[in-house]
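The values are calculated or read from the model by the stated rules, or taken from the named source; none is laboratory data. These numbers were taken from a predicted model, which means no experiment stands behind them. Cβ sites come from the backbone with ideal geometry, for glycine too, and all protein chains shown count toward neighbours. Note: areas computed on protein heavy atoms with side chains; ligands, DNA, RNA excluded. Shrake-Rupley method; radii C 1.70, N 1.55, O 1.52, S 1.80 Å.
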Amino acid sequence: MVALAMAGALAAAAAMIWREYRGARDGVFAHALLLAEADARTDRAVQERDIALISERLARFMALPGVKYAAVRDADGREIVARRGEDADGYPEADFGRARRGVAPFDQGIATDERRAGLERFSDLTVPVFVTADMQRGAGPRASGGEAGSRYLVGYYHLRVSLDEVWRSVQGYALRVALACALFVALTALLTLRVTRRISAPLRALEQLVERVSAGNLEQKLIVKGGGEVDRITSTINALISELHTYKLQTDTSNVLLSRKVDERTEQLSRRNEELNKAVQQVTKSKEQLHQLAYYDSLTALPNRRLFIEQLDVLLRLTRREQRIVALLFVDLDNFKRINDSLGHAAGDVMLKEVAGRLSRCLRSSDFLAVGSGGDVPSSVSRLGGDEFTVVLSNIDRPESAGMVAERLLQSLRAPMLIEGHELVVTPSIGIALAPDHADSVSELLKLADTAMYHAKSAGRNNYAYYSPEMSGSGVGRLKLEAELRRALERRELVLHYQPQVKVATGEIVGAEALVRWNHPERGLVPPGQFIPLAEEMGLIIELGAWAVVEACGQIRAFQRQGLTPPKISVNVSSLQFNAAFTALVQKTIADFGIDPGMLELELTEGVLMSNAEASIRSLHDLKRLGVSLSVDDFGTGYSSLSYLSEFPLDELKIDRSFVIAFDSGPRSASLVSAIIAMGKSLNLRLVAEGVDSGAQYRFLHEAGVDVIQGFLFSKPVPAEDFARLLGSNRFAEQIRTLEQEAA
């Protein structure tokens, strides 16, 4: 209602103000027309250009409200006399042509043109001025026919009226109307408010009740003053409030119980959620660990065989399409098992990690392409297992580039490694196979690179070799020999042959060296030079050495049961088996067969003793405490230190066969043998010369002071049965007498 009253009042006030403004504006225009028409009918001032009279008349126009510019123009529109108001400088020049546009030259009336001048609106008013026929000298066009009644156009009055000035003249009226309108609206609003309050009081009370009920306050009842209908509504509402209050109490009780259950369930769910999150994290971590274990070597962190095969397979397919060369380098460490057996597996693991790091660091990113899925860049170095590594080169332009990389790998491993206080040098043997020249599948390429690696190893180690078809035959033969050697121990194809050691003074057998022979069912006796190095590479030398110790002790016991008095039996000990476990094996074997420990002699080379002199001294003393004899085999071929040699608890020194053969090649060779004999005697060691095959060698060694001779001069290595017959004969004493007689 108030809004309607306000809208009506505003509409009425606007209409009144607009009417007043229109009246003021039209009044100015009408007054100006009257003045202009009166002057035009009776005066020739415009025609005669009477400036003074024209200026006087223009002054009357300027006195009208809102007139800012008044001028007289000739019939062509050119300004004759003009007057401007003091504040009319900002107005644009009066455009007479625009003001008269569309109006006939002799039309009377107002031709207005409302435009903006700065910030004010204005209108241009033009009125034609004409004279009758009797005053037509110099007049313009004629306005009507008939000579006596004609009128001639002599000019125009041009007025510019400020509409804003006219508006300001009615602002006082507009203010009074607006105040009256506001007063009316205020009175209407006040009256409406009083009426509304009286009508809406019960509704407000009801609204407050609703708010209290919504807030949960059901204890206050509705109290409203009114008629009968209002009372009935109030009673109904109060009854509903009472029922709601009762229901609320019941609901609150249920909600408390339900809230407790919800809290319990929420707590349970929270615990379950935490357990589930932990389980998810554990599964994710386990998945990552499984991926790491499945695809990466746990020791070196390099890709393992599985990841290597997958990456190489993808790479071969990619390079097959792009017609690139892929080179596979198979790297095997020479004599790595010796490190494990002499220094332990912990030292071997440290060496493997160092080797992996050096191999990875010496490769360049230009040597291989990135072909991993998911943005992964594969490593070009992988560890297949043990001491075997592979290097994949996928970005080479010619086969010779693989050899250049192999040279870098060899160079990277030449620097000594400090492992547990020992400076060690490990050398690799590298086999190279190319795809697609040699093979185009992962398995075949790996097989051929492995074959080439074995040829590099057999050619002297610490070098590399490219695969060639001629290698396949020998590679297959080697694989067959490896398989047969593994079964040789199970099938008891290995036997010991015994070569007598004869005392020069009496000709009696004072010892024998037990030498392993492989009695192959098809090849016959396989020379030790063919299968002993192979056993070392395969890791079978430890098992083979343990078998030799057990077999020798068992044969000593067998000789005793035959009623023979066996001499001490010498067994060669490999560097790979010379450790604490070997000492325990010797002790257990002697105890199991119940033989005299002095009847067992262990032969160790200089290389075994000097590879880790401190550890060797401890192990030798442990063996010496068992009562076994200790001998240095192949003496003079290694780099023995006299200070260490004097600390070893040795019983025997064996002069290497190479010195025996070359004794007569020059004075220096004979002097060297004599020096070795003199040194052995100074250390109170029994001297044994091995490899004696001629009477001249025998006589030289006998004269030089050697105690015991071993060689083909007396006997080749023979089976146990033949050696037993030699023990019961006196043939070597007779042979020595014959040699002495020949010398005399």
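If R0 equals 35 Å, the separation of the Cβ atoms of ALA11 and ARG197 corresponds to a calculated FRET efficiency of about 0.80.
As an exercise, use a Förster radius of 56 Å and the Cβ-Cβ distance of ALA294 and GLU647 to find the FRET efficiency, rounded to the nearest 0.05.
The formula returns an efficiency of 0.65 here.
One chain, two ends: VAL103 and LYS278. Fully extended at 0.36 nm per residue, the span grows by 53.5 nm beyond their Cα-Cα distance.
Over segment 533-603, with every protein chain in place, what whole percent of the accessible area is carbon and sulfur at 1.4 Å, could you tell me?
54 percent
Rolling a 1.4 Å probe across the protein heavy atoms gives segment 465-579 an accessible surface of 44 Å² per residue. Spacing of the modelled spin labels on ASP349 and ARG78, each 7 Å from Cα toward Cβ, amounts to 11.9 nm. Averaged over its residues, segment 243-304 has an accessible area of 86 Å² per residue, based on protein heavy atoms and a 1.4 Å probe. Sorted on the mean count of surrounding Cβ atoms within 10 Å across their residues, most packed first, peptides 265-273, 307-315 read 307-315, 265-273.
Computed extension length for ALA743-ILE617: 41.1 nm, one decimal, from 0.36 nm per residue of separation with the Cα-Cα distance subtracted.
Solvent-accessible surface (1.4 Å probe) assigned to LYS503 amounts to roughly 80 Å².
Taking the charge dipole of segment 262-325 about its Cα centre, with +1 at Lys and Arg Cβ atoms and -1 at Asp and Glu Cβ atoms, the residue from ALA294, THR284, THR266 reaching farthest to the positive side is ALA294.
How many percent of the accessible area of segment 389-525 is carbon or sulfur, using a 1.4 Å probe?
C and S atoms contribute 50 percent here.
Over segment 246-311, how many percent of alpha carbon pairs lie in each 10 Å bin up to the one with the longest distance? Here the calculated profile for segment 246-311 is 18, 21, 16, 13, 11, 9, 7, 3. Peptides 713-726, 536-549, 233-246, ordered by how many other C-beta atoms sit within 10 Å of their residues on average, highest first, read 536-549, 713-726, 233-246.
Subtracting the Cα-Cα distance of ALA63 and ARG232 from 0.36 nm times their residue separation leaves 53.2 nm of extension gain.
For segment 668-735, the fraction of 1.4 Å probe accessible surface lying on carbon and sulfur atoms is 51 percent. With a 1.4 Å probe rolled over the protein heavy atoms of all chains, the accessible area of MET62, MET351, MET404 falls in the order MET404, MET62, MET351, largest first. Panel values: segment 402-490, Kirkwood radius from alpha carbon pairs, Stokes-Einstein at 20 °C and 1.002 mPa s, translational diffusion coefficient 146 µm²/s. Here each label is just a point 7 Å from Cα along the line to Cβ, and for GLN562 and GLU388 those points are 4.4 nm apart.
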